[in-house]
Structure formats: C-alpha cells, structure tokens
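The values are calculated or read from the model by the stated rules, or taken from the named source; none is laboratory data. Remember, it's a predicted structure, so these values are computed and weren't measured experimentally. Methodologically, a virtual Cβ is constructed for each residue, glycine included, from the backbone with ideal geometry; neighbour enumeration extends over all protein chains shown. Please note that ligands, DNA and RNA were not included when accessible areas were found on the heavy atoms of the full protein model with its side chains. Shrake-Rupley method; radii C 1.70, N 1.55, O 1.52, S 1.80 Å.
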Amino acid sequence: MIGAELGYRYTGSPLIWDEPGGPEHLFRDYVPTTWPGARLPHVWLEGHKPIQDRIGSGYTMLRLGGSKEDISGLQKEMKAPFQVLGRPQTRTRATSTSAT
C-alpha cells in the first residue's frame, strides 16, 4: 500500500494553494505528481543531483520546461529565504509503483 504514504496530499491547508481537482488518492499505487500539497517527486537535475538535495531551508520555486517568465518582481518582494531551481527539459519521465 505504497500509495497510502507516498501518494498522500495535503488539502484544505491555508499554506497550500487551493487548486480544484487533483489526482485521485490511490492507496495501492503511487503515481508521482506535482499537484499542490503532494510529495515532491524524484527528478534528477543538472549535475546528476536529486531535486530533494537542492531544496533549501526557505522557499523554492521550480521552473520546469525551460520557462522564461520574468520573476524578478517576486524575488524582490520575498521577505524570506528564496531560491529558484530550473529544469530545461520539456518533459520529465515519471514512473508509478504498484503493489504486487
């Protein structure tokens, strides 16, 4: 029942963006997702480092797929530790794990 732990998602929290919908919570299967409140899936970043090792002690913005939006205003307004991590690939391979 790997999905019970790895697939859990925090909802209804004032700290998590309230995005309607979301993936179904499967108790037997784990399907990686980047939905707000979910566990951050494993992804290799440049230099063969796992993304979890690059998350700092403050806020981290993930820029996936080579996005080029201007975030300089956000960076100036942050009153807390803030870093940006990027992944230039347009697709990231995700695999699911099923219980047997």
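Summary of values
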read-out: Protein-only accessible surface order, largest first, of E19, E24 at 1.4 Å; value: E24, E19
read-out: Approximate spin-label separation K76-W44, in nm, with each point projected 7 Å along Cα-to-Cβ; value: 3.9 nm
read-out: Exposure rank, largest accessible area first [R28, R39; 1.4 Å]; value: R28, R39
read-out: Distance between modelled label sites at M1 and Q83, nm, 7 Å Cα→Cβ extension; value: 3.6 nm
read-out: Projected label distance in nm at T33 and R9, using a 7 Å step from Cα toward the beta-carbon; value: 0.2 nm
read-out: Computed accessible area, S67, all protein chains, 1.4 angstrom probe, square angstrom; value: 40 Å²
read-out: Residues whose placed amide H lies under 5 Å from that of D29, excluding near-sequence neighbours; value: G3
